[in-house]
Structure formats: structure tokens, C-alpha cells
């Protein structure tokens, strides 16, 4: 008796089913390649500014354009493992704390990459401590850009040598950046992990410098009100009750905050 699809799906052993499946028309479907992209945030203590790490692409496509860190996923690794590996290969940066990385989502526009059908799994990394990158692999250079805004109040990234707008980025990295900023903003009242760029403990003024890039309401906070309202009501932040030692700026010493255990 001829064995049909129903037999293999419901009565055969799994080994029989898988052997049968490989003989069917699944092989005729086009299959996408998979890449990862990693939007890396860092807080530069030298100028007390929030920055992102971009690479200048060494080769086509988008040769000479700035892009997020990323590359192809190998058959033996997960998307997260690929993001960790590509980050080290392209910038020399090693990410060792799982709390420093979020998976943002899949970007699937069939035309997002001119080479072929390629799906990207985007990640965001909240890097601490702040380190200098070393370009490698497909990167001509890797450098930190300060997060700023254009005259039209759109996101832009500034380096002493140049300014990169969202429209200047390679591939669909503009969409990835905007989705990441939106995700961070929506999470601020519950999981403000972006503050992990400051370490486990940090002062209130540095926290405000970081948060204002994601929600303009933080521009209107005094440091006192910030601690009394936002920090007090946030489930993963706490006021240590301590103040900074040997403050470098005039005015009252700033409160030290931390992540809850």
C-alpha cells in the first residue's frame, strides 16, 4: 500500500518522517540567508556622553558606508552567539554579561540587502565598561559616535571627523536604529537596561544624560525629582542613600543609584 503524507505525519516514526520529508518539495522553496546586526551603546566617561559604535564597511555592498556591527550566522550557532562573535571580530569588543544584550527582532524586507534574500536578527548591547574598538574583519574602521539630533530633530551620530545621519547608514540600519530606540523608550518604566552602560552603580546626573535620548520628559527633571519620582517607582532601580565622593562639578553632590539585586 502506498504511504501518503498523513501516514508519515501521524503514524511513521520520526526518523521515517524526516527521511520522507527530505524527498518532498521543501527543497524547491527559496530559502533566505540569516545575518545579525548589533546596535552597541556606550557611555564615554571622558565627555559624559552616550554613544553608539559604528563600523565603516571595507567592501561591497555599501563600501565606505557606516553600518551597525554584524555579519552572517553560521549553521552551528544561534543568532545571539553570532552577534557576540561578529562584535569581537569586527571591533575587538567582547560582551560577557547577558544583561548587556537585548534581541530587538527580525528584519525581513526581501530588498533590505542587494545581494540576495537575507533576514537579519537585530540586537542591542548596553556596553560597560567603555572601551576603545579595534577594527577587524569586514570593518575598515570602528569608532564611537555621540548621539545627537539634526536641525530637523532627527537622530544623528557625531564624531570629531564627521556626522552620520540615519539616511547615511547602510542596508536598512535606519529602521533597526529607530526600532531599537522605540523599544528602549517603551521599556523605561519597567526595564531601563540602557542604564547598564553606566555600570551597576551610577550618579543621577549621568542617568539623566542617558535617558533624555529616549524620552524628552527627562529633560525637564531636576535630579531631586528624578530620584523621588522615577527611581522610587522603578522596579529595577534603587537609591543607595549615598552621595558621590569628591564631585568634579560645582553644586550639591549627586546621589548614587544602582540596579536592584
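The values are calculated or read from the model by the stated rules, or taken from the named source; none is laboratory data. From a predicted model like this one, the values you see are computed outputs, not experimental measurements. Note: ideal-geometry Cβ built from the backbone for every residue, glycine included; neighbour counts use all protein chains shown.
Scan segment 85-96 and tell me whether some residue there is more than 17 Å from residue 54 (Cβ to Cβ), out of contact with any helix residue (DSSP H, G or I) (no Cβ under 7 Å at 6 or more places or on another chain) and touching a residue at least 40 places away in the same chain (Cβ under 8 Å).
Residues of segment 85-96 more than 17 Å from residue 54 (Cβ to Cβ): 85, 94, 96.
Checking the rest, the ones that are also out of contact with any helix residue (DSSP H, G or I) (no Cβ under 7 Å at 6 or more places or on another chain) come to 85, 96.
Filter once more, so that each one left must be touching a residue at least 40 places away in the same chain (Cβ under 8 Å): none.
Scanning segment 85-96 turns up no residue that is more than 17 Å from residue 54 (Cβ to Cβ), out of contact with any helix residue (DSSP H, G or I) (no Cβ under 7 Å at 6 or more places or on another chain) and touching a residue at least 40 places away in the same chain (Cβ under 8 Å).
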In segment 161-188, how many are at pLDDT below 95 and in a loop (DSSP other than H, G, I, E, B)?
1
Determine the pairs where a residue that is outside the structural domain of residue 113 (by TED's automatic domain parsing), located within segment 172-195, has a partner that is loosely packed, with under 15 Cβ neighbours inside 10 Å and modelled with pLDDT under 95 with Cβ atoms under 7 Å apart, the partner being 6 or more residues away or on another chain.
193/99
Within segment 221-236, does at least one residue satisfy the condition of being crowded, with 18+ Cβ neighbours inside 10 Å, in contact with a strand residue (DSSP E or B) (Cβ under 7 Å, 6 or more places away or on another chain) and outside any helix (DSSP H, G or I)?
no
For segment 68-81, check the following and say yes or no: at least one residue is more than 13 Å from the chain's Cα centre (by Cα), closer than 24 Å to residue 213 by Cα and touching a residue at least 12 places away in the same chain (Cβ under 8 Å).
no
Scan segment 102-110 and give yes if some residue there is at pLDDT below 95, surrounded by 14 or more Cβ atoms within 10 Å (Cβ to Cβ), touching a helix residue (DSSP H, G or I) at 6+ places or on another chain (Cβ under 9 Å) and assigned to a strand (DSSP E or B), otherwise no.
no
I'm told residue 9 meets every condition in (1) in a helix (DSSP H, G or I); (2) outside the structural domain of residue 146 (by TED's automatic domain parsing); (3) surrounded by 13 or more Cβ atoms within 10 Å (Cβ to Cβ) except one. Can you identify the failing condition by its number?
(3)
Return the residues of segment 47-62 that are in a loop (DSSP other than H, G, I, E, B) and either touching a helix residue (DSSP H, G or I) at 6+ places or on another chain (Cβ under 6 Å) or modelled with pLDDT of 95 or more (or both); say none if nothing qualifies.
47, 48, 61, 62
